[in-house]
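Asks: Can you read through this structure? Questions will come right after.
The values are calculated or read from the model by the stated rules, or taken from the named source; none is laboratory data. Everything numeric here is computed off the predicted structure, so don't read it as measured data. Here the Cβ positions follow ideal geometry from the backbone for every residue, glycine too, while neighbour counts run over all protein chains shown. Keep in mind that these areas ignore ligands, DNA and RNA; they rest on the heavy atoms of the full protein, side chains included. Shrake-Rupley method; radii C 1.70, N 1.55, O 1.52, S 1.80 Å.
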Amino acid sequence: MRKFEIMMPCYNDWPSVFRLLEAIDREISNLKAQFSVIIVNDCSTEKMPKLEKKFTNIKSIKVINMKFNQGHTRSNATGIKYLSTKKEFDYL
């Protein structure tokens with residue numbers, strides 16, 4: 001089975017992240033693959049609300065918290081580096 005890692009940076013926009021996760025979960029329902037999500041929290045000043053919804057098609061959601069705000073480009077690079085050393089996947 002193919003493994004997909006979906007990575008997204010976030011800075012203070014948690015409602016949009018949760019809506020995006022719900023949309024992703026709906027869209028991947030017919031695909032024969034395993035999906036996981038990595039959220040790179042770019043040192044948000046707003047606390048991430050508790051993720052209360054259970055997703056049926058997303059296997060796991062992990063949040064990486066940055067110590068300093070780096071901007072979305074460096075956050076993406078940090079997430080890619082993390083994934084390439086810690087996870088096995090077919091597509092990012």
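Asks: Over 21 Å apart: what share of the alpha carbon pairs of the chain falls there, rounded to a whole percent? Before the final figure, lay out the partial values.
Replies: Details: 1326 of 4186 pairs.
Summing the P(r) tail past 21 Å for the chain gives 32 percent.
Asks: Treating only the Cβ atoms of Lys and Arg (+1) and Asp and Glu (-1) as charged, compute the dipole magnitude of the chain about its Cα centre; round to the nearest 20 debye. Can you show the working numbers first?
Replies: Values: 16 positive and 10 negative charges, 58 e Å.
Computed charge dipole of the chain: roughly 280 debye.
Asks: Counting only C-alpha contacts under 8 Å and six or more residues apart, can you give the relative contact order of the chain as a whole percent? List each step's numbers first, then the result.
Replies: Details: 134 pairs, mean separation 37.4, N = 92.
After rounding, I find 41 percent.
Asks: Answer with one residue from Asn57, Leu21, Ser44: the one whose Cα lies farthest towards the positive end of the charge dipole of the chain, charges on Cβ with Lys, Arg +1 and Asp, Glu -1.
Replies: Final value for the positive-end residue is Asn57.
Asks: Here's a follow-up. Run the 1.4 Å probe and let me know the accessible area of Thr78, rounded to the nearest 10 Å².
Replies: 40
Asks: Still on this structure, I have one more. Mind listing which trypsin sites (Lys or Arg not before Pro) in the stretch 1-58 are in a DSSP loop and have 16 or fewer other Cβ atoms within 10 Å? Could you put the intermediate results ahead of the total?
Replies: Working: sites: Arg2, Lys3, Arg19, Arg26, Lys32, Lys47, Lys50, Lys53, Lys54; in loops: Lys32, Lys47, Lys50, Lys53, Lys54.
For trypsin sites (Lys or Arg not before Pro) across the stretch 1-58 that sit outside H, G, I, E and B with at most 16 neighbouring Cβ atoms in 10 Å, the list reads Lys32, Lys47, Lys50, Lys53, Lys54.
Asks: Using only helices, what value at 222 nm comes out for the chain when you add -39,500 (n - 2.57) per DSSP H run of length 4 or more and divide by the total residues, to the nearest 500 deg cm²/dmol? The partial results should precede the final answer.
Replies: Working: 2 runs with 29 residues, N = 92.
Mean residue ellipticity at 222 nm (helix-derived): -10000 deg cm²/dmol.
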